[in-house]
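All remarks here apply to the structure that follows.
The values are calculated or read from the model by the stated rules, or taken from the named source; none is laboratory data. Computed from a predicted structure; not experimentally measured. Cβ placement follows ideal geometry from the backbone for every residue including glycine, while neighbour counts extend to all protein chains displayed. When the accessible area is computed, the model is the full protein with side chains, heavy atoms only, and any ligands, DNA or RNA have been set aside. Shrake-Rupley method; radii C 1.70, N 1.55, O 1.52, S 1.80 Å.
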Amino acid sequence: MNIREYKILLLDDESEILNHIENGLKQEGFYRIFKTSTIEEAKKTFLKEKPHILVLDIMLPDGDGYELLKYVRSSSDIPVIFLTAKDEDVDKLIGLGLGADDYITKPFIMKELVFRINAILRRSYKIKLQETQKCILGDVIIDFSQNVVINNDKSVNLTAMEREILSKLYENKNRVLTKDAIADAIWGEDISGNEQSLIMHIRRIRNKIEENPSEPKYLKTIKGIGYKLVVN
């Protein structure tokens, strides 16, 4: 399927912003765009249309975007981008901690949003060679083809961003990968402005693959440089 054929679900209570995003996406060739203005409307559209990516605001008339993110994550690992005027670090950490893949603050440049949507769609739906393999870390199995971490017969899903970070680390297993190298692979730019996002994604990954995330055995931090995935 051509990347422009993927379905994009938008959620924002400001019609001007919805129309602005829709027009910008259409100019880039996207045409399967679904606009919603409430959480309930977005939930119904999510179930009916099964979108490939979700772009949502936080402050909404019937709740907040975190509620919708929790709802989506209960059954799907589709990529999610927060698009909001709230730019405090705590809000970023809450969103990323719940499983969001990216975070863009208003006012935003339309080309940047399109770039990030394109990049995330390519990463999320392009099956790479290493993603057909399994990475074994002690009793933990990372199954890239199924997008899950299996530990003692229990499985937990990986988000698109977590899978991408793990894939990059697995490509370079037992070698130190700089933060800039990871950021370039994930966001297409250096670590500047993305470090908090990367830290949160690493933290979530450790919660899924490490017996004791505060004392990681497999996903090591190399202070001042980056990270290393230790695979025996």
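Going down the table (K111/K223; K7/K111; K26/K106; K154/K223; K44/K168; K26/K50), which pairs top 27 Å between alpha carbons?
Details: K111/K223 34 Å; K7/K111 18 Å; K26/K106 20 Å; K154/K223 32 Å; K44/K168 35 Å; K26/K50 19 Å.
Exceeds cut-off: K111/K223; K154/K223; K44/K168.
Please state, rounded to one decimal and in Å, the Kirkwood hydrodynamic radius that segment 1-44 gives when every pair of distinct Cα atoms enters the mean of 1/r. It would help to have the intermediate numbers written out before the result.
Values: mean 1/r = 0.0924 Å⁻¹.
The Cα-based Kirkwood calculation yields 10.8 Å.
With axes computed from alpha carbons, what is the tilt in degrees of helix 160-171 against the longest principal axis of the chain, rounded to the nearest 10 within 0 to 90?
30 degrees
In degrees from 0 to 90, rounded to the nearest 10, what is the angle of the helix 110-125 Cα long axis to the longest principal axis of the chain?
It works out to around 50 degrees.
I need the phi-derived Karplus couplings for segment 180-190: 6.51 cos²θ - 1.76 cosθ + 1.60, θ = phi - 60°, integer Hz, Gly and Pro marked x.
Working through the residues one at a time gives 5, 5, 5, 4, 5, 6, 8, 10, x, 7, 6 Hz.
Among DSSP beta bridges whose residues both lie in the chain, state the antiparallel percentage, nearest 5.
Details: 20 of 35 bridges.
Of those bridges, close to 55 percent are antiparallel.
Leaving out ligands and nucleic acids, and using a 1.4 Å probe, what accessible area per residue does the chain come to in Å²?
With all protein chains present, the chain gives 49 Å² per residue.
Label points 7 Å out from Cα along the Cβ direction at K43 and K26: separation in nm?
A separation of 3.0 nm, rounded to one decimal place.
With a Förster radius of 22 Å, plug the Cβ-Cβ distance of K70 and K50 into 1/(1 + (r/R0)^6) and report the FRET value to the nearest 0.05. Don't skip to the end; give the middle numbers.
Working: r = 18 Å, r/R0 = 0.82.
Approximately 0.75, to the nearest 0.05.
Please work out, to two decimal places, the log10 of the ratio I(q)/I(0) at q = 0.20 Å⁻¹ from a Debye calculation in which every Cα of segment 1-78 carries one identical scatterer.
Debye curve over Cα of segment 1-78, log10 I(q)/I(0) at q = 0.20 Å⁻¹: -0.84.
Whole Å is fine, so just give me how far the alpha carbon centre of segment 132-169 lies from that of segment 10-82.
Distance between centres, Cα-based: 27 Å.
Would you calculate, for the chain, the mean residue ellipticity at 222 nm contributed by helices, counting each DSSP H stretch of 4 or more residues as -39,500 (n - 2.57) and dividing by all residues, to the nearest 500? Don't skip to the answer; put the middle values down first.
Numbers: 8 runs with 94 residues, N = 232.
Helix contribution divided over all residues of the chain: -12500 deg cm²/dmol.
Based on the Cβ-Cβ distance from E112 to D190, what FRET efficiency comes out when R0 is 22 Å, to the nearest 0.05? Display every interim value, and only then the final one.
Numbers: r = 15 Å, r/R0 = 0.68.
Efficiency for this residue pair is about 0.90.
Mind listing the phi-derived Karplus ³J(HN,Hα) values for segment 139-151, rounded to whole Hz, using 6.51, -1.76 and 1.60 with θ = phi - 60°, and x for any glycine or proline?
With the stated coefficients, segment 139-151 comes to 8, 9, 10, 9, 9, 5, 5, 9, 6, 9, 10, 10, 9 Hz.
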